[in-house]
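Okay, so here's the structure we're looking at.
The values are calculated or read from the model by the stated rules, or taken from the named source; none is laboratory data. Worth saying up front: this structure is predicted, and the values here are computed from it rather than measured. Here the Cβ positions follow ideal geometry from the backbone for every residue, glycine too, while neighbour counts run over all protein chains shown. Quick note on the areas: whole protein, heavy atoms, side chains included, nothing else; ligands and nucleic acids left out. Shrake-Rupley method; radii C 1.70, N 1.55, O 1.52, S 1.80 Å.
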Amino acid sequence: MSGRPGIEVAAGPEDLAGRAARLFCHAARAAVTARGRFAVAISGGSTPRPVWARLAGPHHRDDLPWERIEFFWADERCVPPDHPDSNYRAARQTLLDRVPVDPARIHRVRGEAEPAVAAEEYDGELRRTLATGAGEPPRLDLALLGLGPDGHTASLFPGSAALESSRLAEAVPAAIVLPPVVDRVTLTPVALNAARQVAFLVAGASKAPAVRAAIEGPHDPARCPARAISPPGGRALWLLDAAAAAGLEDRDRPAAAAP
Ligand code: 6PG
């Protein structure tokens with residue numbers, strides 16, 4: 001992880017969701033001002049759902065340039081878009097169907113396709129959408145990531161070949177994933193480390209060992225894939241609740257925010 005990561009410890013679930021929502025809004029406004037659009041990769045799982053609810057709610061709904069946001073997913077389960085395990089379906093229900101996004105800027109992974117085909121298509125869509133024409137690598141503006149208790153992020157699981165991929169997106173076999181045990185498609189460290197900003201949103205005591213391994217442990221992405229995420233020059237930001245931060249050394253654990 002290049003540079004020391006930024007760490008914020010929230011006072012509770014509301015504060016955590018509020019910090020993540022403000023980060024999203026700030027990154028969106030800065031990107032649209034600088035480049036006319038905001039390209040973000042969002043994660044599945046349960047942790048970010050309160051963030052989507054906030055963004056779609058009265059706090060933020062009217063102060064975001066929704067029609068200029070390019071939505072991508074950090075990963076997707078290889079299931080149809082209306083399947084209960086679909087990250088796309090979850091984002092539609094909690095956010096996308098509640099705000100005026102441009103449908104042409106929703107770049108879902110075709111979970112209903114063969115995983116290798118879906119990964120190939122997604123890789124191509126990322127390159128087409130994020131191409132700068134200046135020979136620069138395709139860059140997201142923000143990747144908002146979760147963390148599993150095994151140190152996985154997106155669908156980069158311990159021992160995954162995707163950790164070494166030179167592509168932007170790869171298929172991941174069901175055999176190595178945590179439940180739901182289905183094939184997946186994931187952004188790779190190549191895609192995530194090119195992002196202008198990476199933020200991890202992590203809550204709960206079950207994640208404390210993985211948070212500690214990711215921030216303070218040895219550099220061993222094969223065992224702790226979150227260690228593979230180190231945006232050059234920038235710093236990953238960790239938005240944690242007190243339980244997820246509990247395993248950190250005092251030097252790394254800022255005082256929890258006042259409630
Ligand atoms: C997924 C996610 C995954 C998630 C972590 C944390 O598709 O499952 O992208 O990487 O972010 O597993 O999940 P929770 O937020 O539910 O703990």
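Filtering segment 37-54 to residues that are crowded, with 21+ Cβ neighbours inside 10 Å and among the small types (Gly, Ala, Ser) leaves Ala39, Ala41, Ser43, Gly44. Condition first: open to solvent by 40 Å² or more (accessible area, probe 1.4 Å), in a loop (DSSP other than H, G, I, E, B) and within 11 Å of Leu147 (Cα to Cα). Now tell me which residues in segment 196-222 satisfy that. Residues satisfying the conditions do not exist here. Those residues that are of a type in the set (Val, Ile, Thr) and part of a loop (DSSP other than H, G, I, E, B), I need them from segment 122-169; list them, please. Once the filter is applied, which keeps residues that are of a type in the set (Val, Ile, Thr) and part of a loop (DSSP other than H, G, I, E, B), segment 122-169 yields only Thr132. Among the residues making up segment 174-189, a single one is buried (at least 20 other Cβ atoms within 10 Å of the Cβ), away from the ligand (no atom under 13 Å from the Cβ) and not in a loop (DSSP other than H, G, I, E, B): Pro189.
Of Pro84, Pro100, all but one fail to be more than 15 Å from the ligand (Cβ to nearest atom) and at pLDDT 95 or above; the exception is Pro100.
Of the residues in segment 223-235, at least one is more than 30 Å from Arg37 (Cα to Cα), in a loop (DSSP other than H, G, I, E, B) and at pLDDT 95 or above. Quick one: is Ala34 over 30 Å from Leu248 (Cβ atoms), open to solvent by 40 Å² or more (accessible area, probe 1.4 Å) and hydrophobic (A, V, I, L, M, F, W, C)? Criteria met by Ala34. Within segment 32-53, residues that are assigned to a helix (DSSP H, G or I) have Cβ atoms under 6 Å from residues that are more than 14 Å from the ligand (Cβ to nearest atom) and not β-branched (Val, Ile, Thr) in these pairs: Val32/Phe38; Val32/Pro65; Val32/Arg68; Val51/Ala21; Trp52/Leu95, counting only partners at least 6 apart in sequence or on another chain. Name the residue that is farthest from Ser155 (Cα to Cα), counting only residues in segment 54-81 that are within 15 Å of the ligand (Cβ to nearest atom) and part of a loop (DSSP other than H, G, I, E, B). Across segment 54-81, the extreme among qualifying residues is Pro81.
Selection over segment 106-162 of residues that are of a type in the set (D, E, K, R) and within 12 Å of the ligand (Cβ to nearest atom) gives a count of 1. Restricted to segment 30-53, and to residues that are more than 16 Å from the ligand (Cβ to nearest atom) and in contact with a strand residue (DSSP E or B) (Cβ under 9 Å, 6 or more places away or on another chain), which residue is nearest to His107 (Cα to Cα)? Filtering first and then ranking leaves Ala39.
Taken over segment 74-100, the criterion of being within 24 Å of Arg35 (Cα to Cα) and either surrounded by fewer than 19 Cβ atoms within 10 Å (Cβ to Cβ) or touching a residue at least 60 places away in the same chain (Cβ under 8 Å) (or both) is satisfied by Ala74, Val99, Pro100.
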